[in-house]
Amino acid sequence: MAKNAVEGVRNGHGNSGKKSVVNGQTTGQNGEKRDVVRRRATDSGDDAAGRRSRFSIVLSARFLLLSLCISVVLAFAVGWAARLALLSQLYPRARRHRGSATTGNDDDNNDDGPSRLLLPPPPTSSGGMSKKGGQQLPAPKVIEGKDVPFTTYASKTFQMAGAATSHTLHIDRTGSLIMSRSRKEFDGGPDFRKASVSGGGGNDDDDGRDGDGRDDGWVPCESNACTRGKEKKASSSSSDNDHNDDSDGLHLPAGQHLLVDIKDVDSNFLNSEERLAVAMIELINESRLTLLSYHCHSLVPIGVSCAGVLLESHVAFHTWPAEGVITMDLFTCGGGLLIPTLPSIDRLFGVPSSSVVDPVRPTMLWSHKLRGFREGFAPGYVRSTNPLDGSLGRYVLGKLDFDVKRPLLSTTTAHQSVNIYEVADPNIRDVSMYRRSLMSGSDGEDGSSYESTHPENFGPDKILFLDGIIQSTLYGDAPYHESIVHPAMLVHPGPRRVAIIGGGEGATLREVLKHKSVEEVIILEIDKELVGICAEHMPEWSYCGDIDRGGSDVTTSCFDDPRARVMYADAFVWFVDRFGNDAAANREDDSEKFDVIIMDALDPKTSLEIAGGLYDSTSFVDSLFNGLTEKGVFVVQMGKSRMITDPPDEVGRFKNTGLMIKALEQSGFESIHTYDEGHSHFHMPWSYLVALKDYKSKAGWHRNAPEFQIALQQRLHRTKSGQPILRYFDATTMVSYQVPSRAQETTYCRQEVKDETRWDCDEILDLYSGDIIHLPLDTLRVGKSGVGERAGRGLFATRDIPSRASIGVEKSVKGFKLPPSTWSVIMSFVEWSEEKSNEFPFVEDEIAQLYTYAEGQQAMYGDVTLRDIERGEEVLTDYLAFGGDLDGLWEDVRNLRGWCTGESVGEITDYEEGTLA
C-alpha cells in the first residue's frame, strides 16, 4: 500500500495539504509528505547521475599538451604578423633607409654587414608634440651629426592622487642626419677637434672636406671604429694627458655631477609643464647632449617634476612655484664639461618674476663634482694633472652653499690651466652685507650704511688656481706674500739685488719693492701668458701706485717699476747656466749674484711637471747657493703645513720637501729655519723655509720684537695715502716665526738617521718616553734623618717608588730663549768676569750658569731613581756623593766629619740659627 502511494504521488495524483485516499485507505498528511519528499530526492539524484553519464567527455594528456602548443604558436604568429603590419604602415621611411643606415650605401645589393633598424619614436600628436590637459610638450630630437644607438624603453606609471597630469615623450629620430653619408661619421667639426684630421686629400671622401675645401666635420669611418652616441674628436696625435680629457667618458665608470638650486624664479614658469619641458630640451641641445626621453608630472596643487633620460646619463628637476624655487640635477658620463652649461641654465631656468614691476634677479647656487672612478680604469690617469680633481674641485666647484661663485676666467696657457673665481663663503661673509656694500648714495639708510662706505671689507674673495691648485686669494694676499718676502729681507743686513722665481701675479714683486735698499729685481716666470692674465683680472696683486718713493714717480703697475725686470724663462735652466758648479768655477765677477732669492713657485709636494725640477734637483739647488752673496738668504714656500700625525718627510706626502731640505744641507747652507702662517686663506696653515748661507746671519733671525720693529720703520717706504705700508706682517709676527711648530719638530724627529747621533731629538723623546714614570714632589717628605744624631734632616719616600722614576720633573724644567743681542751682552760679562775673577769670585759662577741656557731651550729633568725605593725609606744618605771634584774632596770630607762630631755646623743650621750673615 505504501508503494502504491508513492507511485501515486510520482504520477501526480497525490494532493499535499489534504488527506489522500489510495485503494480505499487514508494516510496522514505529514507522514505521507515526508515519505514522498525522500523518494523524490532519491529519484532526482538517480536522474542527474544518469544524465551525467550520458554526456561525459574523457580527454587524454597528449591531447591537452598538443592543444596548448598549437595555441601558443598561433598567438605568436598573429602577434608577429600584426607587428610587421604596423611597422610597414607607420615607419615606411625606416624600412626604406634600413640598408643605408647600416652600411652607409644606398645600394641594397652592396649590403655586406648585418642590418640595423633605427626606430623612430612612437607616434605623437601635433607633429612630435604631446597634447594632454591642454598643454603641448615637445619631443626631444637628435642633434645633427650625432650617432644615437638603438635603445629600448620600459616604464611603469603609478596613478597617485598627488599628480594632476603625466607626460612621457621619446626622442624623434626622423630628422636626424645619422650616418647619412657613405661610410662616414661626424667628428664635431674644427671647433671640437684637438688637432687637424690627418690626410692631404682635397675631396670629400678622403678627409671630410668638400670640393671647395670647406671642413664640415664629416670624416671617414674605419672598420668598427665609428663612435656611438657622441661626437668623435679626431686627432692625428696623442698626448700623455689625453686620459684626463674624458672624451671617451662613456666607457669609463666615471662622470660629472652638476647640482643647481635657483630661487626667486617666476611662479607661472615653475608651474608650466610645457615651458619647463621646452627649457629642458633647449638646455640639452645647447649642451650637445642627447635626450632619449623624458617624463613630467604636474603635481597637486602646484609644482612640476620632470626626469629626462640622456644617452650620457640623466637630468631631473623639481619646482616649488609658491616659493619660487627650482632644484636641478644633471649627470653625464661623457667628456663634455658641464660647467660651461651654467649660463644656459641661468638664462633658461632663472626667469624673473613677471608679477612685480622691479623683480629680484634670481639667485643660482651650484655645485660640480667628479663622480665614479678614474684611477685604475683610465690608463695613466694622474689626479694632479686634472684641474677638476684638485683644490679647485674640492674647495670651490664642489661647494653648493657659496652665495657667490662666479668664474672670471677659465683658460689654458702653453704651460698650465688657469682658473680665477670669485666666491662668497656664507661661513665667512654675509651675502646681504655684500649687497648693501654695492649700494651708493647718501639718501636712505642703505646708501649711507657702513657696508657701502667700506665695500672693501664685504666683497667676495678672488682666488687664482693653476692646474687646479690654489695659488693666491684676495683676502689672503697680504698674509701670504708679506710672510714669504719680509722675513728673508729682514734677515739680510741690506738686500740690493733680489731674484723672484715664479710670482707671475706680481704680489711678491710688490712686497720686495717696498724696501728702500732694493736696486734691482729679476722675475723669472716661465708662463708669459699668466702675467698678462693676472694683470688684467687681478690688478690688485701688482698695484704699486701707493708706494711713496719720493720724486715724481707715478708707477701704477709693479711690473712698470724701473727696478723690476721680467724674464720669461725656465728658472731651472737660467740658474744652472749662470750659477751651476761648472759656471761658478769660471766666474770671476760676483756682481750678478743676489742677496735674496725668493721661490714663489708651485707647491713642492705636488708632482706637477712645472715644479718637478725645482725641488728634486741637486744641480739646481747648488746653483741657488752659488747665486747668493756671502750673507745671502733663500726662501721658499713649502705648501700645506705638517700635521702632528704625519710621518717623516722622506716617506710621506712631503717627500719632495724632504728632498729639497736635504739638498739645501748638502749644498752648503749653514742655517735652515721653517715657520708656518695660518692666515693665507688656503684652508689650512702654510709652511715656509728660510736657508741662510752664513751661520752668522742667524743673529738676524733671532732678534727681538723691538729690533725688528725698528728695522721695519727704517727699511720700508711710506705710502702716499698715509695707510700702513704692511697690512698684516709686523715685528710680533716675525718673532712668532723664530721657533718651529710642534708638528714640524715632531715629524723631523721621526726621521730614521743612520750613523748619526740625534741628541736634539733624544732629549725630547726621553722626557716623554713611556719607560720613565713621572711622580710629583710630594712623593718625598722631609723628616729627621736616621743616619746619625747630628745628621739633621733627611728625605723619606711617602710611597713605593720604582726604578727609573722621575720626581718633580714638572717643577724642574727650566728654559728660556735669549735673542742674539742679549747673548752678546752676556758674552761681554763673561769676558769681564774672567778678568775680575780674583775680585769677584762668585760673578763668574753665576754668569757661567746663565751661559748654559743662552743658545736655546735647555731642560733639567729632576732626579731619576736608580733602584726601587720602599715606602718610608730614607734617600740621599750618601753625603759624599754631594762632594765636588777630586781636588776639593779632602775639604768636603773634613767638613762632613766636623758636622757629624758636632765640632761644627752646616750652612743650613747656621742659617736657621741666624749666625750666617
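The values are calculated or read from the model by the stated rules, or taken from the named source; none is laboratory data. A quick note: this is a predicted structure, and the numbers were derived from the prediction, not measured. Every residue, glycine as well, gets a Cβ built from its backbone with ideal geometry; the counts of neighbours run over all protein chains shown. Calculation scope for accessible area: heavy atoms of the full protein, side chains included, ligands and nucleic acids excluded. Shrake-Rupley method; radii C 1.70, N 1.55, O 1.52, S 1.80 Å.
The number of residues in the range 657-709 being open to solvent by 30 Å² or more (accessible area, probe 1.4 Å), of a type in the set (A, V, I, L, M) and under 29 Å from residue 821 (Cβ atoms) comes to 4.
Would it be correct to say that residue 877 is loosely packed, with under 11 Cβ neighbours inside 10 Å, more than 23 Å from residue 772 (Cβ to Cβ) and modelled with pLDDT of 75 or more? For residue 877, the condition - loosely packed, with under 11 Cβ neighbours inside 10 Å, more than 23 Å from residue 772 (Cβ to Cβ) and modelled with pLDDT of 75 or more - is not met. Tallying residues that are free of Cβ contacts under 8 Å to residues at least 12 places away in the same chain, in contact with a strand residue (DSSP E or B) (Cβ under 9 Å, 6 or more places away or on another chain) and open to solvent by 30 Å² or more (accessible area, probe 1.4 Å) within the range 551-582 yields 1. Within the range 440-448, identify whether any single residue is touching a residue at least 12 places away in the same chain (Cβ under 8 Å), over 17 Å from residue 537 (Cβ atoms), open to solvent by 60 Å² or more (accessible area, probe 1.4 Å) and among the hydroxyl-bearing types (Ser, Thr, Tyr), and answer yes or no. Yes: the range 440-448 contains one or more residues that are touching a residue at least 12 places away in the same chain (Cβ under 8 Å), over 17 Å from residue 537 (Cβ atoms), open to solvent by 60 Å² or more (accessible area, probe 1.4 Å) and among the hydroxyl-bearing types (Ser, Thr, Tyr).
Candidates 911, 851, 861: the one that is aromatic (Phe, Trp, Tyr), over 60 Å from the mean Cα position of the chain (by Cα) and at pLDDT below 75 is 911. Could you check the range 462-478 and list, in sequence order, the residues that are modelled with pLDDT of 90 or more and more than 12 Å from residue 680 (Cβ to Cβ)? Result: 462, 464, 465, 466. As an exercise: evaluate residue 255 against (1) open to solvent by less than 10 Å² (accessible area, probe 1.4 Å); (2) assigned to a helix (DSSP H, G or I) and give the number of the one condition it does not meet. Residue 255 satisfies all of (1) open to solvent by less than 10 Å² (accessible area, probe 1.4 Å); (2) assigned to a helix (DSSP H, G or I) except (2).
Residues in the range 541-550 that are surrounded by fewer than 18 Cβ atoms within 10 Å (Cβ to Cβ) and more than 33 Å from the chain's Cα centre (by Cα): 545, 546, 548, 549, 550.
Select, from 598, 547, 610, the only residue that is modelled with pLDDT of 90 or more, touching a His at 6+ places or on another chain (Cβ under 8 Å) and among the β-branched types (Val, Ile, Thr). One residue alone meets the criteria, 547.
Residues in the range 359-395 that are open to solvent by 60 Å² or more (accessible area, probe 1.4 Å) and on the phi > 0 side of the Ramachandran plot: 376 alone.
Checked against the criterion of being within 30 Å of residue 822 (Cα to Cα), modelled with pLDDT of 90 or more, in contact with a Ser or Thr (Cβ under 9 Å, 6 or more places away or on another chain) and in a loop (DSSP other than H, G, I, E, B), the range 716-727 has at least one qualifying residue.
Among what's in the range 406-428 and is open to solvent by 60 Å² or more (accessible area, probe 1.4 Å) and among the aliphatic types (A, V, I, L, M), pick the residue that is nearest to residue 395 (Cα to Cα). Of everything passing the filter in the range 406-428, 428 is nearest to residue 395 (Cα to Cα). So for the range 347-358 (the condition being open to solvent by 40 Å² or more (accessible area, probe 1.4 Å), touching a residue at least 12 places away in the same chain (Cβ under 8 Å) and acidic (Asp, Glu)), does at least one residue qualify? No, there is no match, as no residue in the range 347-358 is open to solvent by 40 Å² or more (accessible area, probe 1.4 Å), touching a residue at least 12 places away in the same chain (Cβ under 8 Å) and acidic (Asp, Glu).
May I ask you to list the residues in the range 626-656 that are open to solvent by 50 Å² or more (accessible area, probe 1.4 Å) and either closer than 28 Å to residue 728 by Cβ or part of a helix (DSSP H, G or I) (or both)? If the condition is that a residue be open to solvent by 50 Å² or more (accessible area, probe 1.4 Å) and either closer than 28 Å to residue 728 by Cβ or part of a helix (DSSP H, G or I) (or both), then 631, 643, 644, 650, 651, 653, 655 are the ones that fit.
In the range 471-501, of all residues being charged (D, E, K, R) and farther than 16 Å from residue 714 by Cβ, the one that is nearest to the chain's Cα centre (by Cα) corresponds to 477.
Quick grid of which residues meet (1) open to solvent by 10 Å² or more (accessible area, probe 1.4 Å); (2) polar (S, T, N, Q); (3) at pLDDT 95 or above:
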{"residue": "496", "(1), (2), (3)": "yes, no, yes"}
{"residue": "499", "(1), (2), (3)": "no, no, yes"}
{"residue": "504", "(1), (2), (3)": "no, no, no"}
{"residue": "509", "(1), (2), (3)": "no, no, yes"}
{"residue": "512", "(1), (2), (3)": "no, no, yes"}
{"residue": "515", "(1), (2), (3)": "no, no, yes"}
{"residue": "519", "(1), (2), (3)": "yes, no, yes"}
{"residue": "527", "(1), (2), (3)": "no, no, no"}
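Consider residue 804 carefully, then state whether it is at pLDDT 75 or above, of a type outside the set (A, V, I, L, M), surrounded by fewer than 15 Cβ atoms within 10 Å (Cβ to Cβ) and at positive phi. Spelling it out, residue 804 is indeed at pLDDT 75 or above, of a type outside the set (A, V, I, L, M), surrounded by fewer than 15 Cβ atoms within 10 Å (Cβ to Cβ) and at positive phi. Hey, could you check the range 779-801 for residues that are assigned to a strand (DSSP E or B) and open to solvent by less than 20 Å² (accessible area, probe 1.4 Å) and say which is farthest from residue 864 (Cα to Cα)? Step by step, filter the range 779-801, then rank; the result is 783. One residue alone among 407, 460 is in contact with a helix residue (DSSP H, G or I) (Cβ under 9 Å, 6 or more places away or on another chain) and farther than 30 Å from residue 726 by Cβ, and that residue is 407. Across the range 726-739, the number of residues qualifying as surrounded by 15 or more Cβ atoms within 10 Å (Cβ to Cβ) and out of contact with any helix residue (DSSP H, G or I) (no Cβ under 8 Å at 6 or more places or on another chain) comes to 1.
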